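The values are calculated or read from the model by the stated rules, or taken from the named source; none is laboratory data. Predicted, not measured: the structure shown is a model, and the values here were computed from it. In this analysis, Cβ positions are derived from the backbone assuming ideal geometry, glycine residues included, and neighbour counts consider all displayed protein chains. Just so you know, the surface numbers come from the protein's heavy atoms only, side chains and all, with ligands and any DNA or RNA stripped out. Shrake-Rupley method; radii C 1.70, N 1.55, O 1.52, S 1.80 Å.
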Amino acid sequence: MAYSLLQLDTLQKIVLAVECLERLCADAKQLLKQANPVQCRIYQIPRTVRENESQPVTDIHPTDLSGTEAFHAALHAMTDWYGHPQYSTKVVNRVPGALVLTNVDESQILDRMAEINRSKTSIESLIPSLGNRDDRFELLHRHFPWLILAQLTRRLQVLPCSPPLQSCTFTWGIKTEIKKMTADQVCERLESFRQRPRSTIDDVPWDIKIDREIMAIRSLPASAQLRSRRVLRVRPLANLRYRAIDGEPAKTYMREAHTPILMLNPSRPIKLGVLKNYDVQTRSGRQRLKDRRHYEKVSDLLPIYLQS
């Protein structure tokens with residue numbers, strides 16, 4: 001397949017940016033190895049095998065690591081960007097946990113982590129110039145076999161000693177992702193399907209199916225509010241609770257727990273919680289906040305809904 005000069009130039013920029021990111025991460029690991037790890041807790045979540053990537057998750061049994069083993073697992077998670085032929089590359093691998101470190105030069109670590117995250121942001125900003133999804137996949141995986149882009153670009157999290165953290169607990173998150181889309185965006189996504197024909201249960205040709213869907217989307221009124229809705233896979237979350245200061249109430253923030261959180265030079269011990277096993281039967285009994293809006297599905301090929 002022939003690619004444009006813009007695509008090839010963008011790919012070269014990404015290659016150089018990834019090489020820079022690798023160097024920055026190697027330097028950060030060396031700095032962390034010089035610190036004193038006073039608390040280490042990491043949870044290894046079983047990877048999803050390819051044949052199960054489309055199946056709903058009913059249970060998850062993470063492996064609890066602590067001490068030296070957890071410390072080395074946390075360092076590995078910083079550059080865990082690649083998949084394996086046996087496992088799904090569509091399902092992001094997550095390594096929740098926390099490292100509490102002392103005897104650390106905070107400014108040095110914070111500066112290095114900021115550089116790493118800026119590098120990740122720059123890579124992410126280049127991706128759209130690679131073209132459509134098929135072109136992106138082909139170009140990236142030709143130069144980075146088994147790369148999982150979401151793992152490469154996710155930001156590392158580091159917390160300085162101030163404000164003082166009281167605890168970090170872990171839980172499982174389940175939610176529906178809702179994105180606003182225009183009719184043009186939906187039709188562009190449908191057009192991209194022409195290059196990837198699917199088997200159908202009827203005799204209608206694939207191109208005809210796409211034409212019908214595009215015509216149906218174009219026939220909607222200009223005021224139509226289109227939304228992409230999909231249930232996200234179960235994922236670990238971290239709840240960070242800070243100590244009350246100067247009469248101000250304690251504050252709690254929820255963060256994605258995709259990689260271990262680094263906590264630097266705490267003045268007081270930090271409570272690290274336990275990530276329990278996930279069981280869909282146990283979770284199903286919990287009351288969840290419901291979306292009161294009405295959604296009508298308007299596409300058979302995409303999870304696109306008309307919101308009212």
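Quick look at the values:
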| item | result |
| --- | --- |
| Theoretical gain in end-to-end length, Ala114 to Thr282 [0.36 nm per residue, Cα-Cα removed] | 56.6 nm |
| Radius ratio Rg over Rh of the chain, counting only Cα atoms, Kirkwood formula for Rh | 1.01 |
| Long-range tail of P(r) for segment 93-239 (Cα pairs > 24 Å, %) | 59 percent |
| Percent RCO, i.e. relative contact order, over the chain, from Cα pairs under 8 Å lying at least 6 residues apart | 25 percent |
| Linear extension gain, Ser107 paired with Leu232, 0.36 nm per residue minus alpha-carbon span | 41.4 nm |
| Radius ratio Rg over Rh of segment 76-169, counting only Cα atoms, Kirkwood formula for Rh | 1.05 |
| Karplus-derived 3J(HN,Hα), 6.51/-1.76/1.60, for each residue of segment 65-70, Hz, glycine and proline x | 10, 9, x, 4, 4, 5 |
| Carbon plus sulfur fraction of accessible area for the chain, probe 1.4 Å, in percent | 51 percent |
| Label-zone membership for segment 116-147, site Asp9, 7 angstrom Cα→C-beta point, backbone N under 20 Å | 122-132, 135-136, 139-140 |
| Cα pair distances of segment 179-227 binned at 10 Å [whole percent] | 24, 49, 24, 3 |
| 5 Å-binned pair-distance histogram of segment 1-131 (Cα, whole percent) | 2, 9, 14, 16, 16, 16, 13, 8, 4, 1, 0 |
| Farthest positive-ward along the chain dipole, Cα basis, beta-carbon charges - from Ala77, Thr89, Val298 | Val298 |
| Cα gyration tensor shape of segment 204-308, rounded if a/c is under 1.5, else prolate or oblate by comparing a/b with b/c | prolate |
| Cα-based helix-to-principal-axis angle, 183-192 vs the chain, degrees rounded to 10 | 80 degrees |
| Area of His76 that stays accessible when all protein chains are in place (1.4 Å probe, Å², to 10) | 110 Å² |
| Qualifying lysines (Cα of each under 23 Å from Cα of Lys13; at least 8 residues distant if same chain) | Lys120 |
| Segment 38-91: C-alpha pair distances exceeding 16 Å, % | 53 percent |
| Heavy-atom accessible area ranking, 1.4 Å probe, most first, across Met254, Met78 | Met254, Met78 |
| Listed residues Ser54, Ser119 arranged by accessible area, highest first, probe 1.4 Å | Ser54, Ser119 |
| Packing-based ranking, highest mean first, of 68-75, 27-34 given that Cβ atoms within 10 Å are counted | 68-75, 27-34 |
